[in-house]
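The values are calculated or read from the model by the stated rules, or taken from the named source; none is laboratory data. Keep in mind that what you see is a predicted model, and the values were worked out from it rather than measured. Please note: Cβ atoms are built from the backbone with ideal geometry, for glycine as well, and neighbour counts cover all protein chains shown. Accessible surface is based on the protein model in full, side chains and every heavy atom, while ligands, DNA and RNA are left aside. Shrake-Rupley method; radii C 1.70, N 1.55, O 1.52, S 1.80 Å.
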Amino acid sequence: MHFFLEVLIGGLLAGVMYSLVALGFVLIYKASGVFNFAQGAMVFFAALTYVGLLEKTGLPPWIVFALTLGVMVLLGIAIERVVLRPLVNQPQITLFMATIGLAFFIEGLAQIIWGTDVRRLDLGLQDEPIESVLTRFDIMVSKFDLVAAAAAGVLVAVLAVFFNVTRIGRALRAVADDHQAALAVGIPLKQIWAIVWSVAGFVALVAGLLWGARNGVQFALTFVALKALPVLILGGFESVLGAIVGGLIIGASEKLAEVYLGPLIGGGIEGWFAYVLALLFLLVRPEGLFGERHIDRV
Amino acid sequence: MTEHAHNPGRRIGDTLLSVDNISLAFGGVKALTDISFDVRAHEIRAIIGPNGAGKSSMLNCINGVYRPQQGSITFDGQRFDRMDPHRAARMGIARTFQNIALFKGMSVLDNMMTGRNLKMRTPLLLQALYVGPNRREEIEHRRKVEHIIDFLQIESVRKTPVGRLPYGVQKRVELGRALAAEPRLLLLDEPMAGMNLEEKQDMCRFILDVNDEFGTTIVLIEHDMGVVMDISDRVVVLDYGRKIGDGTPDEVRGNQAVIDAYLGVAH
Amino acid sequence: MLYRESGQFKTTYAADQQLFPIVQDRVAILALLAVAAVGVPLVATDYWFTAILIPFLVFSLAALGLNILTGYAGQLSLGTAAFMAVGAIAAYNFQLRIPGIPILVSFVLGGVSAAMVGVLFGLPSLRIKGFYLAVATLAAQFFVPWLVVKVGWFSNYSASGVITAQPVVIAGVAFDTPVRKYLLVLAIVAVLALAAKNLVRSRIGRAWMAVRDMDVAASVIGIRIMRTKLIAFAVSSFYCGVAGALYAFAYLGSVEPDGFNLDLSFRILFMIIIGGVGSIMGSFLGAAFITLLPTFLDVVLTDGAIALGLNLPSGMTSMAQLVVFGALIIFFLIVEPLGLARLWQIGKEKLRLWPFPH
Amino acid sequence: MSEDGTAIAADGTDTTFPRLLAGHARVRPARTAIREKDLGIWLAWTWSQVADEVRAIAGGLATLGFERGRTVAIIGDNRPRLYWTMAAVQALGGVAVPLYQDAIADEMLYVLGDAEIEIAVVEDQEQVDKLLELLPNYPALRAIVFDDPRGMRNYREPQLLAFDELVKRGRAYLEAHPGFHEAEVAKGRPDDTAVMLYTSGTTGKPKGVCQTHASLIAAARGDVGFDGFGPDDEVLSYLPMAWVGDHLFSYAQALVAGFCVNCPESSETVMTDLREIGPTYYFAPPRVFENVLTQVMIRMEDAAPIKQRLFRWSMAVAKRVGAKLLDGRASDVGFADRVRYFVGDLLIYGPLRNVLGMSRIRVAYTGGAAIGPDLFDFYRSIGINLKQLYGQTETAVYVCKQPSGQVKLDTVGKPLPGVQIRIADSGEVQVRSPGMLKEYFRRPDATAESITPDGWFMTGDAGFFDDDGHLKIIDRAKDVGRLVDGTLFAPQYIENKLKFFPHIKEAVAFGDGRAQCCAFVNIDLGSVGNWAERRGIAYSGYADLAQKPQVIALVRECIEQVNRDLAADPHLAGSQIRRFLVLHKELDADDGELTRTRKVRRGFIADKYGVLVEALYSDATHREIETQVTFEDGRKGVLRADVPIIDAAVAPSVHAPLKAA
């Protein structure tokens, strides 16, 4: 039972990290109807830029963080300008394919600029059990995981507030409901998109730092995005809450499956388990847990 | 259009389609409430009503695009609580859409050939070979489709991608696609919407000719009252999802509820 | 300009509906085939066969398969490589386990196996559309290679699932030299391309496009949406499966399951985006483009660097490839969403209307 | 011509169309006689099939009680069955009367009555409706046979009969009466009237021109021999069947030469169908060629600049040497130019001919109206052997043709074999032709007015022969006048020459009974407006533009060019334009200055602008005038202007002046 709890908590904490990446998808999807396959590439790009700047400039981490954030904002604006704007009103599938291209571009670009070496990123957090918990409950909970989860949680909360309270947030929700109507009431769609892509860049940066610190800053970071996809299917593309709950479910079930199911069928199932889970779920509820059901009007 | 078009030679038959107590709601919003009417073989039946009266929803129930919560559809003696589009097509119900629903990546000819999909039989592997049975079948159906092209006078555009055609011609092609299925019942959703006078006259003639030449029963939604009164045998009037009138054009014209609905009197 | 169509009139539907109704096109395609089958073997080197021509043809076939699904039936798939893997491994196992089975039959059965797996992963398409479906096909992409590695039986218990293709012998002739392998692949690809062209101009092809363009109207006509989509998955996967078998038997000789990775799926997707979705011709153009581009970039970057006296870091070419691929995809989606095939078609129209503008 | 063609043509002079048809069915039974694009493909009938169909139709007509010498109206687009009906009617010794399918009810009623039509064979519902509408006023019409049954299901009129039914009855009749058809055909005599073509005279009621088998066949045979047509040739029949041109090209010549006639799918698809068929022999009135050229020019304006430059370069080369090469005068063309033309042909002319559907044309004809030099040059320079011909319904269009290699813009060619031409004192061209009409149907008065007692047909056209023996038509005979010194004055000839300049829209020439020739000119607002804009000349409207000195200079250049042309002609050198003015307003049909068909009403204009005419014939350099005008909205107003009067330079005549004999 202790072991089960340990696995479960570990899974849930990892799940928060998935949620963090999934959040980037949801933000962009809600605002522009784009399924941004390049989110993983942005995570990678952000982490690599942070580490790279840190190495090259030797400036304090918080300044480098700010600089990197600036770079991500610029990237977001550039994407809106160069990719999104010319493709407005195209079918979603076209936009999706464009973001695949974007992902390749960003991945290539990041490595041309910063090289292909794997880099270590030290945030000053150790991936070690929290002693108090270990002694009292006999459960191993990673310090790193907990902090990372907390950071992710705070970020999610901040974003939720941002989008629910601020004017931009309200505009964003209007845009998500109906592009045409939003345009009609004078919401500057292009600015909104640029802001959202910038915010997504910020989320990518945070995710990149956390994931990079844990796994090293390397090309494999882009696969984090692939992990987030089943989360989205589960949670629904349009729901922040869904991204969080979906992340938790995927994180927990994946860990549990790996531990309990893995040995039975040869292990290594984390590569596809989430997908198969999502796929089965799709057959039952195509719109996801919190997604909205659309009626085709003819 | 000559007086011959409405020659007494037209043979209106027994009930072909009967709609009984249909109610349809979208997530609590009622689109249709307890609608019943019938359509006799070979007649031209119009459904009219203000915007949002539920006319298109009615057609969508008849050929199974929407599933009504209550009521039944009886077509050709068979009763269905829920129709589905494939069965409707198989039984000989074809339709056009209010907003043109052509396959825009395809030519006029291919759009119309698609309309004959149900009549074609060649198995997949033979389609990959093309020669032999598949080619014979393609040619046989091409010939049928060409007759419709001739009928609708769209020879000059047969190989043009439909996206490049002007609106009025697209409407005609859509009618052609529906006709290609050799339907017994043809549902036309605002076939003349957005057309100029000349195009409307042409379309009217085609509708009458279809009815006349092929004996096709027609249910149409139309906004142009003049057209409706001219070409339809009987008219159903819907308002806010309820039936408020049913009868010959003259009867409907005299119906107080209809007059009120059209004049916007509060109900 | 080259087209002189005046006086080419059709007196039968058979003539009007033939594959290439214009005489000049018929001549051109026959000439092209003749050059490919006779001319190329006379001049090309082994390097050309193994490094360019064979992969080009194999990828063309895979792109053709994906194009049937994505271009014609409108269902985006990111699992192409997985279906190729199924084809390769199935063909290998048929050869291995059924003594005396003709190799071509193995290829076909490999395709059939891929088709069955394709249908399985296509099932979600009954309920979901667009990128939901794309994500679902990713499941195949991750699941299939894992399964092959984990279940040693598939690779005859070789290390890390690597399979080594059996020698290709047809009617006593061993297809063991690059030129012979090339001719074999050319023949298979030509036949399958013809079959694909026939399919897309027949009932099923129209049904695919109808579902793609306007599914409600298609269902009202009586097209069974689900069956049509599943057939698209099956046919598409069949093509990918055969392509996978050729990839293993005629191109690489031995393949590891991880070779059929997401990257390969993306590469084939890029082929159809750049080549042209919904075009048989586009599959070939795209495959040629994507096959040749790395070689081209390599030459340009290496020679360019030497010319400029720069010392490029290692791996630069592959990074540049990523950037160029990505940029090209975005460029094509924005500027010419129908790809090179559309440009080809416009060019042809221009020639037909010359000297008038298009 | 192939030997087969010769065999039929040499069948003897006493043949009829039904016998020609029987001959083709015998000599080349399996060869395609006629095609029709229907339901998307070209359906073809062989000569033997055509003969069989014609037999059945004739049998069907017999069941309707059709008698020798009677008439059958044929109304519709060019459809094989309508052509066959003509042959069937003729097989029974009847007269085919094709009517214009777009004729209004009144015209149709007149012709039906005049020709005593009892049976009409029509294309479709549209024509049936028209005839049924006339039925109360013309009850003699007892049978209407319709080809296309579409929309006819519920028609119950007893007169109506479906074509298929006619054919069915015909076949039954033939079975019951074996040898009937052959016997009827044998009864036919070459001097029977074969067809009656109604001419829409500018004044009075239409007259039925009776043409016999003999005259039509003689004319067709002459034409076929002249250009060497044979069974391998293809034509597209798209001009009205009631027009003599189509009758000759699609019926008479086809039956004589045995070539293949192609009927387009519909009137909208003629250009596409033309391209598909690629005829070897083509006829069109000038306006068709003009429309095509305009289309070419408009579409080329949208072409990329490089292509435009290539096009202009090629056309310049073509203009310089194309016609010479076409006429076989290659020795006049330098090697470099021949290479240039070859390149042009590869890149522009060849593809252009191809997209226009003219790449297989061996011979193309135009006629019936004056043709502009640019137009004529254009087609000839890109290698299309376009020639002019001259003739009327009354002569079966068999008078003059330009022989290949001897094509001159402003003549209509040489008299065809068997044709005699004389120029009357009045300048009128009179003809004796094998293709001459028998008579105007039941109009002895009109016949007498048109045929001189010694048997010459009076064309009503004025003309003369040039030094090479080519006939030059200059005007309608009644419009031709003389200057006081007796010089020939052909106003329309001069006006046409002026109008061929794109900058000149209308022109009115004066001179009859006066000392010299003067002219009014209307500029073309669109064309000159463009020209002015390109030169930065600002103007407020037509009247303003017309008075600009630069514009007047432009018009003067045109006038002087015309004068140089006139000077080259001994008959006309004396009628060069001495003075002219650019009218301050556009001539308008609403003001009665033009007819509705846009012909200038010279007399009316001379009266209305009397002051200006008077000024032209004085020393005045300008003249003020007030003119009543009708605005677009129907309001009337007064336009005041001070019109400059300009002297034009006269070119020296290259000939000694010829005075009237």
query: In a Debye calculation with equal point scatterers on the alpha-carbon sites of segment D:547-633 and no solvent, what is log10 I(q)/I(0) at q = 0.18, 0.24 Å⁻¹?
result: -1.02, -1.29
statement: The aspartates and glutamates whose Cα lies under 13 Å from the Cα of B:Lys104, excluding any fewer than 8 residues away in the same chain, are B:Glu174, C:Asp213, C:Asp215
task: Could you state how much accessible area is buried at the A-C interface, both sides summed, with a 1.4 Å probe, in Å² to the nearest 100?
output: 3700
message: Testing the spin-label approximation: label points 7 Å from Cα along Cα→Cβ at A:Ala160 and A:Tyr260. State their distance in nm.
response: 2.8
- prompt: What's the tally of Lys pairs in chain C whose alpha-carbon atoms lie under 28 angstrom apart, where the two lysines are 8 or more places apart or on different chains?
  reply: 9
For segment D:232-244, Karplus couplings with θ = phi - 60° (6.51, -1.76, 1.60), whole Hz, Gly/Pro x: 7, 7, 10, 10, 10, 9, 9, 8, x, 5, 7, 8, 4
- line: Taking segment A:2-284, the whole-percent share of alpha-carbon pairs separated by over 29 angstrom is 34
task: Rounded to the nearest 100 Å², what's the accessible area chains C and D bury against each other, both chains counted, probe 1.4 Å?
output: 2100
- prompt: If you roll a 1.4 Å probe over the heavy atoms of the protein chains, what accessible area per residue do you get for chain A, in Å²?
  reply: 43
query: When the accessible area of each residue in segment B:211-228 is compared between its chain alone and the complete protein assembly (1.4 Å probe; ligands, DNA and RNA ignored), which residues differ by at least 20 Å², being lower in the assembly?
result: B:Asp212, B:Glu213
Carbon/sulfur fraction of accessible area - segment A:2-284, other protein chains in place, 1.4 Å, %: 67
- prompt: What's the center-to-center distance, using Cα atoms, between segment C:1-54 and segment D:222-288 in Å?
  reply: 35
task: Enter the angle in degrees (range 0 to 90, nearest 10) between the Cα long axis of helix D:549-567 and the first principal axis of the Cα atoms of chain D, meaning the one along which they spread out most.
output: 60
query: Between segment D:475-532 and segment D:586-633, what's the alpha-carbon centroid distance in Å?
result: 14
Cα gyration tensor category, rounded, prolate or oblate, for segment D:409-478 with a/c compared to 1.5: prolate
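Among DSSP beta bridges lying fully in the protein assembly as shown, give the percent that are antiparallel, nearest 5.
60
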query: In nanometres, what is the gap between the two model label sites at D:Lys319 and A:Val88, each 7 Å from Cα along Cα-to-Cβ?
result: 4.9
- prompt: Going by a 1.4 Å probe on protein heavy atoms, which residues of segment B:118-145 end up with at least 30 Å² less accessible surface in the whole assembly than in their chain alone?
  reply: B:Met120, B:Leu124, B:Gln127, B:Ala128, B:Tyr130, B:Glu138, B:Ile139, B:Arg142, B:Arg143
Using θ = phi - 60° and Karplus 6.51 cos²θ - 1.76 cosθ + 1.60, couplings along segment C:130-141 (whole Hz; Gly, Pro as x): x, 6, 4, 5, 4, 5, 5, 5, 4, 4, 4, 4
- request: Taking only protein heavy atoms into account and a 1.4 Å probe, give the accessible area per residue of chain D in Å².
  value: 40
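At 1.4 Å probe size, with every protein chain present, just tell me what the per residue accessible area of chain B comes to in Å².
Accessible surface, normalised per residue, equals 41 Å².
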Candidate lysines for bridging to B:Lys243, where Cα separation is under 21 Å - those fewer than 8 sequence places away on the same chain excluded: B:Lys30, B:Lys55
message: Given axes a ≥ b ≥ c from the Cα gyration tensor, I'd like to know whether segment D:225-366 is rounded (a/c under 1.5), prolate (a/b larger than b/c) or oblate.
response: oblate
message: Please report the carbon-and-sulfur percent of the accessible area for segment C:69-209; probe 1.4 Å, protein heavy atoms only, DNA, RNA and ligands left out.
response: 72
- request: State the percentage of accessible surface on chain D attributable to carbon and sulfur atoms; use a 1.4 Å probe and exclude ligands, DNA and RNA.
  value: 52
field: Candidates B:Val131, B:Val65, B:Val219: whichever shows maximal mean-square fluctuation once chain B is modelled as a Gaussian network with Cα springs under 10 Å
entry: B:Val131
- line: 1/(1 + (r/R0)^6) with r = Cβ-Cβ of A:Gln218 and B:Lys159, R0 = 51 Å, i.e. FRET efficiency to nearest 0.05, evaluates to 0.40
message: Give me the dipole magnitude in Debye, nearest 20, for the protein assembly as shown about the Cα centre, with unit charges on the beta carbon: positive for Lys and Arg, negative for Asp and Glu.
response: 2780
- prompt: What FRET efficiency do you get for D:Leu43 and D:Leu160 if R0 is 30 Å and r is their Cβ-Cβ distance, rounded to the nearest 0.05?
  reply: 0.75
- prompt: Rounded if a/c is under 1.5, else prolate if a/b is larger than b/c, else oblate: which is segment D:456-574, with a ≥ b ≥ c the root eigenvalues of its Cα gyration tensor?
  reply: prolate
- request: With a 1.4 Å probe on protein heavy atoms only, tell me which residues of segment D:30-69 lose at least 50 Å² of accessible surface in the complex relative to the chain by itself.
  value: D:Leu39, D:Ile41, D:Trp42
- request: Give the cross-link partners of A:Lys143 among the lysines, using a straight C-alpha distance below 29 Å as the criterion and excluding same-chain residues fewer than 8 apart.
  value: A:Lys227, A:Lys255
- prompt: Which whole DSSP H helices in chain A pass both tests: a Cα extent of 18 Å or more along the axis and a mean Kyte-Doolittle value no lower than -1.0?
  reply: A:2-32, A:39-57, A:61-79, A:92-114, A:143-165, A:189-215, A:223-235, A:240-256
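Which pairs, out of B:Lys159/D:Lys130; D:Lys207/D:Lys599; B:Lys171/D:Lys37; D:Lys499/D:Lys548; D:Lys37/D:Lys130, put more than 29 Å between their alpha-carbon atoms?
Over 29 Å apart, Cα to Cα: B:Lys159/D:Lys130.
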- prompt: Using the Cβ atoms and a cut-off under 13 Å, what net charge is assigned to the surroundings of A:Gly271, where Lys and Arg are +1 and Asp and Glu are -1?
  reply: -2
query: How large, in Å, is the protein assembly as shown by the Kirkwood hydrodynamic radius built from its alpha-carbon pairs?
result: 39.3
- prompt: When all protein chains stay in place, what accessible area (Å², nearest 10, 1.4 Å probe) is found for A:Ile79?
  reply: 10
query: Summing -39500 (n - 2.57) over the DSSP H runs of n ≥ 4 in chain D and dividing by its residue number, what mean residue ellipticity at 222 nm do you reach, to the nearest 500 deg cm²/dmol?
result: -10500 deg cm²/dmol
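Using a 1.4 Å probe on protein heavy atoms only, how many Å² of accessible area do C and B hide from each other, summed over both chains and rounded to 100?
The C and B chains share an interface burying roughly 3000 Å².
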- request: Select from segment D:366-408 those trypsin sites (Lys or Arg not before Pro) which occupy a DSSP coil region and have at most 16 other Cβ atoms within 10 Å, ordered by residue number.
  value: D:Lys408
- prompt: Using a basic spin-label model with each label point 7 Å from the Cα along Cα→Cβ, how many nm lie between B:Leu125 and D:Arg338?
  reply: 6.3
message: For a quick check: with amide H placed at 1.01 Å from N, whose amide H comes under 5 Å from D:Phe489's, ignoring anything fewer than 5 positions away on the same chain?
response: D:Gly481, D:Arg482, D:Leu483
